[in-house]
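Here is the structure we will look at, set down as structure tokens.
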Amino acid sequence: MTGGMFTSGLSASEFLLVRDAGFEPAGLVMGSSVCHIALPPTVTSVAQLTGPSFGTIFSNVPKDGGEVAELSRAMSLARGTATTRLEEDARGLGADGVIDIRVESEWDSWYAGALEFTMTGTAVRRVGAAPGSAAGDRLFTCDLSGQDFWKLLQSGHRPAGLVIGYCAYAAEPDSALSNRELAGPTRAIYTARRLAVARMRNEAGHLGATGIVGVRLDGLGGLSRPAGSRTVEFRAAGTAIAPVMDTQTMQPSATALGL
Amino acid sequence: MSFTSELSVSEFALAAEAGLRPLRLVGAAGGFYLPPPVAGGRVRRPGATLGPTDYADRSNRARDTVLDRLREEARACGAHIVIGVSLRRQSARQRGPGDGPADVYQEFTAVGTAMARADHADPGPPADEREPVLTNLRVPDYCKLVRHGFTPAGLVAATAVAVGSAASSGSLPPAVTVGGAARSGSLRPASAAYAPADRGLGIVLGDPGTLHDRPEYHAVTRKAYSVALEKLRTAARPLGAAGITAIEIDRLRAEWEQTEWSNETIVVVHAMGTAVAPSAPAPERQAPLTLMPVRHLDK
């Protein structure tokens, strides 16, 4: 940080609320990771990997349906690396945590077989704490906006961490000549969603959280785009929260007005 | 005289309370010769590419030109401030000289609502000596900022271009150059410390040898980011700003170029935000804030 000037992706009212909560923005931080996935020589993209001919060219794509473990694992690796870098970036600013994190991922982003995972957020630090003296052990991360962060603190909770679960799942082959539900894809969607949510909850459990707020469940379209693809992706993301030890700080809940 | 604006009804009401009067919707546009950047001065299509430094300079100039036009239009109608400025850039449909490619022209469009302080009774001619202040904040944000002792000092924007060379195996340390000049490749390798917390949930671990992180791509992206933010700070400093809020990063992993004879990658980051300065004298801090979801009002 030079000149003590902060940068932030927060809107003005969020910036003010964060200040009100006893924090000040330290700066915009980012972490990204490009994960390399070794593709078989005949395959020219990850999307193609999961396309019509899947199961014949890549042993890790299950022929009869099932999780595409290689891709789930790539996402997990990229996410972990990106998180580490985001936190390193925030530590460099003497921050206590990162709020308002936005997550993006893209297959075949830089070249065929690359998965890019990017997180950006606003690092915040406790007002009055000298830079560098921040609780060095553990940063908190969350995808809460400045307003939600404020409300969460007001309600006697703290963010325990951003939790993400992901699953790429190949549907078992199914086809119909008449109008009926395709059981394979339906099952794939249900399973992928269940696994993504279960993994997210599992992460929250590791953080000792009591719950997860603001969960967004996204069916990502990246892998299902090629015609004939039978792979569905789900990503569940939210902020795990835990009660603050001294609940004396609790204040009457704030009124929220919809604009 | 009737006004035009892109305010919602609530914003209009709020603006009236805060002593702001909408004057008119102002807009500015411009088309510029701005072909995609190519690393290392390699000319892939003669006359249709730019070096990274050139690209950043031209992009910055083009955007500033359009924002100046917006400011000029706002001044002409006697505005104090232009609220909710949004900037859009897109490849123009017009083709280049001869049978050239279409993507060598970029079109910049900026739109906002010019407003006057209500005590400034008659908008009339540009009698006011003040430069209208541009901001990408919308009305609720503006009102809160003012109420809490800050004032928007101006819109700051920057385009940064970073060039990195990707090692073919992903094992070599990255060499990052910015604008073709400075260099720093001090990125630590990805820590392998992260253990996915999803063991035992049915995930079959693949062959670890087939997956690995490519730190050079992070290095170049991060470089572009930090250069863009540094440029924003540099632009905000003369405005007496305490900080920059509402930063929009236009494109994350923007243009990139990778050819068979070059492993160089280019990341372009367009960033824009509002510099905020403490207003003197700072009004008294008011007690609890009203919460209003203002974040993605226009998205």
**Asked** Does any residue in segment A:162-191 that is within 16 Å of A:PHE234 (Cβ to Cβ) and within 14 Å of chain B (Cβ to nearest Cβ) come within less than 6 Å, Cβ to Cβ, of a residue that is of a type in the set (Asp, Glu) and in a helix (DSSP H, G or I) six or more places away or on a different chain, and which pairs are these?
**Response** A:VAL163/A:GLU203
**Prompt:** Hey, among the residues in segment A:103-116 that are under 14 Å from the mean Cα position of the chain (by Cα) and facing chain B (nearest Cβ under 9 Å), which one's nearest to B:ARG214 (Cα to Cα)?
**Reply:** A:GLU116
**Asked** Which of the residues spanning segment B:212-252 are facing chain A (nearest Cβ under 7 Å), more than 19 Å from A:GLU88 (Cα to Cα) and part of a helix (DSSP H, G or I)?
**Response** B:LEU232, B:ARG233, B:ALA236, B:ARG237
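Here's the yes/no breakdown for (1) in a loop (DSSP other than H, G, I, E, B); (2) of a type in the set (Val, Ile, Thr); (3) at pLDDT 90 or above; (4) surrounded by fewer than 24 Cβ atoms within 10 Å (Cβ to Cβ):
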{"residue": "A:SER53", "(1), (2), (3), (4)": "yes, no, no, yes"}
{"residue": "A:ILE57", "(1), (2), (3), (4)": "yes, yes, no, yes"}
{"residue": "A:LYS63", "(1), (2), (3), (4)": "yes, no, no, yes"}
{"residue": "A:THR84", "(1), (2), (3), (4)": "no, yes, yes, yes"}
{"residue": "A:GLU88", "(1), (2), (3), (4)": "no, no, yes, yes"}
{"residue": "A:GLU106", "(1), (2), (3), (4)": "no, no, no, yes"}
{"residue": "A:MET119", "(1), (2), (3), (4)": "no, no, yes, no"}
{"residue": "A:GLY132", "(1), (2), (3), (4)": "yes, no, no, yes"}
{"residue": "A:GLY136", "(1), (2), (3), (4)": "yes, no, no, yes"}
**Item:** Residues satisfying the stated conditions in segment B:211-231, i.e. hydrophobic (A, V, I, L, M, F, W, C), closer than 21 Å to A:SER109 by Cα and touching a residue at least 60 places away in the same chain (Cβ under 8 Å)
**Value:** B:ALA224
**Request:** Give B:ALA153, B:ALA160, B:ALA167 a once-over and let me know the one that is surrounded by fewer than 24 Cβ atoms within 10 Å (Cβ to Cβ), within 21 Å of B:ILE249 (Cβ to Cβ), at pLDDT 50 or above and of a type in the set (Gly, Ala, Ser).
**Result:** B:ALA153
**Request:** Specify which of the listed residues (A:LEU177, A:LEU162, A:LEU195) is among the hydrophobic types (A, V, I, L, M, F, W, C) and within 25 Å of A:THR120 (Cβ to Cβ).
**Result:** A:LEU162
**Check on A:ASP100, in contact with a helix residue (DSSP H, G or I) (Cβ under 6 Å, 6 or more places away or on another chain), within 13 Å of chain B (Cβ to nearest Cβ), farther than 18 Å from A:ALA242 by Cβ and at pLDDT below 90** = no
**Item:** Selected residue [modelled with pLDDT of 85 or more and closer than 30 Å to B:LYS231 by Cα] from B:GLY51, B:GLY84, B:GLY40
**Value:** B:GLY84
**Asked** Of all residues in segment A:65-81, which are at the interface with another protein chain (Cβ under 8 Å from one of its Cβ atoms) and among the aliphatic types (A, V, I, L, M)?
**Response** A:ALA69, A:ALA74, A:LEU77, A:ALA78
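The values are calculated or read from the model by the stated rules, or taken from the named source; none is laboratory data. Quantities reported herein were computed from a predicted structural model and do not represent experimental measurements. Positions of Cβ are backbone-derived with ideal geometry, glycine not excepted, and every protein chain shown enters the neighbour counts.
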